[in-house]
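**Q** Before anything else, here's the structure in question.
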Amino acid sequence: MAEPEFEQAYKELVSTLEGSSIFEKNPEYKKALMVASIPERVIQFRVTWENDKGEVQVNKAYRVQFNSALGPYKGGLRFHPTVNLSILKFLGFEQIFKNALTGLNMGGGKGGADFDPKGKSDNEIRKFCVAFMRELSKHIGADTDVPAGDIGVSPREIGWMFGTYRAERNRWEGVLTGKGGSWGGSLIRPEATGYGLVYYVDHMIRYASGGKESFEGKRVAISGSGNVAQYAALKVIELGGTVVSLSDSKGALIDTEGKGFTPDVINQIAQLKVERKALTALENHCFKYVEGARPWKEVGKVDVALPSATQNEVSGEEAQALIDAGAKFIAEGSNMGCTQEAIDVFEAHRKEKKGESIWYAPGKAANAGGVAVSGLEMAQNSARLKWTSEEVDEKLKGIMKACFENCLETAKEYITPAEGEFPSLVGGANVAGFKKVAAAMKDQGDWW
């Protein structure tokens with residue numbers, strides 16, 4: 001079976017590990033990589049459900065339980081027609097190392113179905129969720145596997161699935177994260193991925209400028225218009241930056257007047273997403289809509305780029321366009337948002353232009369804030385407590401700071417940068433995450 005997405009994620013990890021000194025310092029870790037690249041367990045099942053016309057429908061569903069050395073499997077559920085085993089293996093594999101970088105006790109997994117919520121009624125989506133969870137409930141649990149939302153799975157679907165799990169298993173437990181506030185959810189969870197992304201980049205900016213600069217006055221290009229993009233945009237605005245783009249699968253909205261998106265417009269866009277409408281439905285705005293385009297070549301001069309839509313949304317050519325537009329920082333809000341060609345362009349520029357270069361941060365570090373707050377949600381459930389939003393936000397800031405410093409210091413140790421050049425955050429993230437998981441697996445006898 002060809003698994004292009006999984007092979008891409010695997011090769012990306014391997015190429016940075018081989019480009020570091022980890023295998024020289026620990027040659028036995030090659031064995032760990034062989035073991036870790038095969039999931040502990042893959043569950044495949046069919047989901048039959050009834051549409052509003054009373055007709056039977058069938059979908060393919062999966063849960064990839066990739067690695068549980070550091071804690072219960074943890075990772076989202078994706079409902080999208082493109083879902084297949086390769087995509088879920090790629091996401092689950094990335095998730096192992098991302099979860100390790102949060103410093104919390106979570107393993108890696110991912111699941112979903114090739115169900116398309118677009119064009120379905122609320123009733124049909126609810127029936128699908130119930131049918132899906134009736135089977136999945138046999139394989140998950142608060143101390144086994146804790147799924148969450150992802151593309152096509154919003155808090156509403158999490159609610160329907162939580163209710164089904166409770167009914168099937170007769171247990172009220174923290175089996176899913178992204179829950180509603182009154183039934184075990186955590187404050188700041190919806191905002192966490194976007195906020196965390198911006199906190200991470202803020203540390204990049206401060207490090208690169210010797211503490212002289214922040215988001216204040218920066219022009220920021222963002223792709224996507226879902227949960228991650230919305231909250232990243234709101235946090236950028238709060239920190240004094242200007243958001244110059246958002247996009248969806250049909251095209252990009254570009255700010256032409258220099259004022260940027262306002263929180264009011266972002267809230268309107270959020271409402272459109274709830275109604276499953278495209279950005280073309282946005283009314284009374286002064287943005288340029290470019291059909292079929294991603295924002296990178298359309299935005300003009302830009303300081304920061306935050307791809308926050310889906311995998312492989314920045315090509316090698318677009319990477320060069322961002323550099324030419326003056327971008328100094330790029331960090332992935334989406335998983336594997338940049339193609340390998342794009343990463344190569346950014347990394348070559350980092351080596352060539354030293355302190356004047358663009359600096360790239362991979363999703364497994366930059367977007368780890370989402371799963372970090374899921375981990376905090378699990379902690380609150382286990383303690384039967386609820387923390388204030390200030391408490392959660394402070395913990396999130398601390399986790400993103402530690403994650404940045406871990407990537408930075410690991411890069412300095414294992415991929416020694418030349419004089420005056422920024423450390424490789426993609427190398428640092430991959431080595432730090434892998435090292436932690438490999439060591440835990442060895443301690444537990446998963447390899448020897």
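**Q** How do the peptides 384-391, 29-36, 153-160 rank, highest first, by the average count of neighbouring beta carbon atoms within 10 Å per residue?
**A** Ranked by mean Cβ neighbours within 10 Å, highest first: 153-160, 29-36, 384-391.
**Q** What's the extension gain from residue 351 to residue 216 if we count 0.36 nm per residue and subtract their Cα-Cα distance?
**A** In short, 45.9 nm is gained.
**Q** Here's a follow-up. What percent does the relative contact order of the chain come to when contacts are Cα pairs within less than 8 Å and at least six residues apart?
**A** 17
**Q** Find the lysine pairs in segment 300-426 meeting two conditions, Cα atoms under 21 Å apart and a separation of 8 or more places or different chains, and report how many there are.
**A** Going through segment 300-426 pair by pair, I get 19.
**Q** Tell me, what % of the accessible area of the chain is carbon and sulfur with a 1.4 angstrom probe?
**A** Carbon with sulfur: 49 percent of the solvent-accessible area.
**Q** Leaving out ligands and nucleic acids, note down the accessible area per residue over the chain with a 1.4 angstrom probe, in whole Å².
**A** Spelled out: the 1.4 Å probe surface of the chain, per residue, equals 40 Å².
**Q** Next question, about the same structure. Find the lysine pairs in segment 158-286 meeting two conditions, Cα atoms under 20 Å apart and a separation of 8 or more places or different chains, and report how many there are.
**A** Close lysine pairs found across segment 158-286: 8.
**Q** Based only on the alpha carbon positions, what is the Kirkwood hydrodynamic radius of segment 337-448, in angstrom?
**A** One over the average 1/r among Cα pairs gives 16.0 Å for segment 337-448.
**Q** Let me ask something else about it. May I ask you to list the aspartates and glutamates whose Cα is less than 17 Å away from that of residue 89, ignoring any residue fewer than eight positions away on the same chain?
**A** 3, 5, 7, 12, 40, 114, 145, 150
**Q** Return the Cα extents of segment 119-260 along principal axes one, two and three, sorted largest first, each rounded to a whole Å.
**A** Answer, in whole Å and largest first: 55, 35, 24 Å.
The values are calculated or read from the model by the stated rules, or taken from the named source; none is laboratory data. Since the structure is predicted, the reported quantities are computational estimates derived from the model, not experimental observations. With ideal geometry, Cβ positions are generated from the backbone for all residues, glycine too; neighbour counts draw on all protein chains shown. Ligands, DNA and RNA are excluded from the accessible area calculation, which covers all protein heavy atoms including side chains. Shrake-Rupley method; radii C 1.70, N 1.55, O 1.52, S 1.80 Å.
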